[in-house]
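*Asks:* Starting off with a structure, shown below.
Bear in mind that the values in this text are calculations on the coordinates, not laboratory data. Keep in mind that this is a model prediction, so the values were computed, not measured. Neighbour counts are summed over all protein chains in view; Cβ atoms, including those assigned to glycine, are modelled from backbone coordinates with ideal geometry.
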Amino acid sequence: MLHVNNVEAVYSKIILALKGMSLHVPEGKIVALLGSNGAGKSTTLKSISGLLSGEGGQITAGTIEFQGKKLNNITPDVIVKNGIFLCMEGRHVFRDLTVEENLMAGAYSRKDRTNIKADMEKIFVYFPKLKALRSRKAGYLSGGEQQMLAIGRGIMAKPKLLLLDEPSLGIAPLLVKEIFQIIKRINEEEGTSMLVVEQNANVALSIADYGYIMENGRVVMQGKADYLLSNEEVREHYLGIGKEEKNYKENKVYRRRQRVVW
Amino acid sequence: MTFFLQMLVTGVVVGSIYGLVALGFVLIYRASGALNLANGEFVIIGPYICLILMTAYKIPFIYALLITLIFSAVLGLVVERLVIRPIQNAPVVSVIMATIGLSSLLGGAVHMIWGHQTRTFPPVFPQTPINIAGVIISPVYLWSFIVVVLLLVIFSLFFKFSKMGIAMRAVADDRQAALSMGMSVKYVYAATWTIAAVVAAVGGVLLGNINGLSPTMSAIGLTVLPVVILGGLDSVLGAIVGGFIIGVVQNLAGGYLDPLVGGGLKDVVPFIIVLLILMLKPHGLFGSRRIERV
Ligand SMILES: Nc1ncnc2c1ncn2[C@@H]1O[C@H](COP(=O)(O)OP(=O)(O)OP(=O)(O)O)[C@@H](O)[C@H]1O
Ligand SMILES: [Mg+2]
């Protein structure tokens, strides 16, 4: 469905952020894109959705293809119309708009205007918390509520492919699990394909079918989600389990001792 | 008491027009962060067109007004396309400079084409004053007020419910996020300038009907500055409330104090109010300190 082939992207004409990035999202699947800070995950999503130029960046090589159509050098509004929607890193809800108006904004590019009200109710089924807040200004929502709204806005657009950039950012572990369960549900019920960027590799791989791991602007490892979950190297570097677990335990004991002293 | 009410009514009507003109100003500020210093010229061009259509071409007011509005919409579009869009990624100061240049250009054109004498509109509204509880109101005032209130209601509905209205607010709020919704910032900017030019023209036609028309009327561009600063540069509600406040206070000051000091106070008072308000509320009455919650 989506093919990213050997893409190179630069910011300010000199900062090379992607150095031959490739990935593939099959129809109806959830794909996780993992990697450390500054690896180029957000840049990959911005390249796909045409938002790079808004930040002084551009694609200098490679191709991005969606359902057979080439997406390089197409403006974001056309890309959204083609069925790709990005939920940006850091939520970016419209703070002065109410929850309902934010959801309306998400539906901006849709052609079927008649089903909007019904779809909004569907969002409130996925995220019951938002229902009570529907006429509150989004700026006053908590971080978790804003994240739900940001995802809800994406569903309102009825995309074929939803790109999610760190939906767990700044959210309590319990809520992270819940949000990822809902992402999974949306994927199953709406048939929306997903490309999810995450720091929290564990939870992302738990719902994903396939995963890519990025370092320094390119993919360094890929495989089925359960393969990555069980891979020693991945467990060690990205899941914080394996060898380091022992250290962590020792640390904990150490800290406990310290606390007693304190 | 009657004198007071008379001044009050005049103030409210003039203030409502200020509010309307300020609305265009605020929309542009919200969309691009720039002050449109050519707003005063937007205000006077419309009524000149309308007047010429009525006097030289004998077109009835309603049609003349319609043509004027279409002309103004096109003017707004052209200005956005030719002047603003080429520099939309330049610093805000450059945009403001461009509007100053635009202001001289349009102001000069008005002088050149229509001269500097004051012209009066042929009577459009009935002439017999209406007596409401002892206060004499000329129909022009009443109609102006009705038109402005009607327009303001239409705009609030537009911003609340229409797709373009929501997009305009979204772009003002978070441009990058608006882009990610698939909103076309280009269309939003064009719509903003169109609306600003149209409301300015409506305000101008109303003012022209009340006071007569001369190039000095573009000074309203300056009067509206205190209005928007008072209301808060980025608040639509603030523009309207600020308009009423400035209009009323200005007229009361003109009525009561000008005879004492020998005139001129009317033009200064708005700025004095703004100074006072800004000392107490630096963001204006309704201006947003952005909601920060991360
Ligand atoms: N607007 C920008 N201008 C210049 N450089 C940028 C810009 N955005 C990102 N970069 C650089 O590009 C590289 C990749 O950034 P990117 O945001 O894609 O990382 P990421 O994988 O999403 O990291 P994180 O997990 O911290 O969000 C980084 O080195 C970053 O400094
Ligand atoms: Mg990122």
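*Asks:* Tally the DSSP beta bridges in the protein assembly as shown and give the antiparallel ones as a percent, rounded to 5.
*Replies:* 60 percent
*Asks:* What is the extension gain from B:Phe271 to B:Ser156, computed as 0.36 nm multiplied by their sequence separation minus the C-alpha to C-alpha distance, in nm to one decimal?
*Replies:* Gain on stretching B:Phe271 to B:Ser156: 38.6 nm.
*Asks:* Taking K and R as +1 and D and E as -1, what net charge do the other residues with C-beta under 14 Å from the C-beta of A:Ala172 add up to?
*Replies:* Values: positive: A:Lys129, A:Lys177; negative: A:Glu145, A:Glu178.
Net local charge, A:Ala172 excluded: 0.
*Asks:* Could you put A:His3, A:His92 in order, starting from the residue whose Cβ has the fewest other Cβ atoms within 10 Å?
*Replies:* So the residues, fewest neighbours to most, are A:His3, A:His92.
*Asks:* Which aspartates and glutamates does A:Lys160 reach when only Cα atoms under 19 Å apart count, and residues fewer than 8 places away in its own chain are ignored?
*Replies:* Leaving aside aspartates and glutamates fewer than 8 places away in the same chain, those within reach of A:Lys160 are A:Glu27, A:Glu65, A:Asp77, A:Asp112, A:Asp119, A:Glu188, A:Glu189, A:Glu190, A:Asp209.
*Asks:* Here is a further query. Between A:Tyr11 and A:Ser36, how many nm apart are label points set 7 Å from Cα along the C-beta direction?
*Replies:* For the pair A:Tyr11/A:Ser36, the computed spacing is 1.8 nm.
*Asks:* Among rounded, prolate and oblate, which fits segment B:150-202 when a ≥ b ≥ c are the square roots of the eigenvalues of its C-alpha gyration tensor, a/c under 1.5 means rounded, and a/b larger than b/c means prolate?
*Replies:* Values: a/c = 2.93, a/b = 1.65, b/c = 1.78.
Oblate.
*Asks:* Using a Cα-Cα cut-off of under 28 Å, which lysines could be cross-linked to B:Lys160, ignoring same-chain neighbours fewer than 8 residues away?
*Replies:* Candidates past the 8-residue exclusion: A:Lys81, A:Lys111, A:Lys117, A:Lys122, A:Lys129, A:Lys131, A:Lys137, A:Lys158, B:Lys186, B:Lys281.
*Asks:* Cβ under 12 Å from A:Lys81's Cβ, A:Lys81 left aside: what net charge do those residues give with Lys, Arg +1 and Asp, Glu -1? The partial results should precede the final answer.
*Replies:* On the way: positive: A:Lys69, A:Arg110, A:Lys111, A:Lys158, A:Lys160; negative: A:Asp77.
Once all neighbours under 12 Å are counted, the net charge is +4.
*Asks:* Looking at chain B as a GNM with Cα springs under 10 Å, which of B:Ile52, B:Ile245, B:Ile195 has the largest mean-square fluctuation?
*Replies:* Of B:Ile52, B:Ile245, B:Ile195, the Gaussian network model singles out B:Ile52 as fluctuating most.
*Asks:* Give the residue from A:Tyr126, A:Ala17, B:Leu65 lying farthest towards the positive end of the charge dipole for the protein assembly as shown; charges sit on Cβ (+1 for Lys and Arg, -1 for Asp and Glu) and the dipole is referred to the Cα centre.
*Replies:* The listed residue farthest towards the positive side: A:Tyr126.
*Asks:* Another question, if that's okay. Among B:Ile136, B:Tyr29, B:Ile272, which residue has its Cα furthest toward the positive end of the charge dipole of segment B:2-280, with +1 on Lys/Arg Cβ and -1 on Asp/Glu Cβ?
*Replies:* Of the options given, the answer is B:Tyr29.
*Asks:* So what is the 222 nm mean residue ellipticity for chain A from helices alone, if each DSSP H run of at least 4 adds -39500 (n - 2.57) and you divide by all residues, rounding to the nearest 500 deg cm²/dmol?
*Replies:* Helices in chain A give a 222 nm mean residue ellipticity of -12000 deg cm²/dmol.
*Asks:* Nearest-5 percent of antiparallel DSSP beta bridges in chain A?
*Replies:* Taking every DSSP beta bridge within chain A, about 55 percent pair in antiparallel fashion.
*Asks:* If you don't mind, another one. Which of these, A:Lys111, A:Lys131, A:Lys160, has the largest mean-square fluctuation under a Gaussian network model of chain A (Cα springs below 10 Å)?
*Replies:* Ranking A:Lys111, A:Lys131, A:Lys160 by mean-square fluctuation puts A:Lys111 first.
*Asks:* Another one. If the chain between B:Leu105 and B:Phe4 were fully stretched, how many nm would it gain, using 0.36 nm times the residue separation less the Cα-Cα distance?
*Replies:* Here the segment from B:Leu105 to B:Phe4 would lengthen by 32.3 nm.
*Asks:* OK, next. In nm, what is the difference between 0.36 nm times the number of residues separating B:Val78 and B:His283 and their Cα-Cα distance?
*Replies:* 70.6 nm
*Asks:* Below 29 Å, Cα to Cα, which lysines can B:Lys58 reach? Residues fewer than 8 away in the same chain don't count.
*Replies:* Qualifying lysines at Cα under 29 Å: none.
*Asks:* As an exercise, use a Förster radius of 45 Å and the Cβ-Cβ distance of B:Ile130 and A:Arg113 to find the FRET efficiency, rounded to the nearest 0.05.
*Replies:* 0.50
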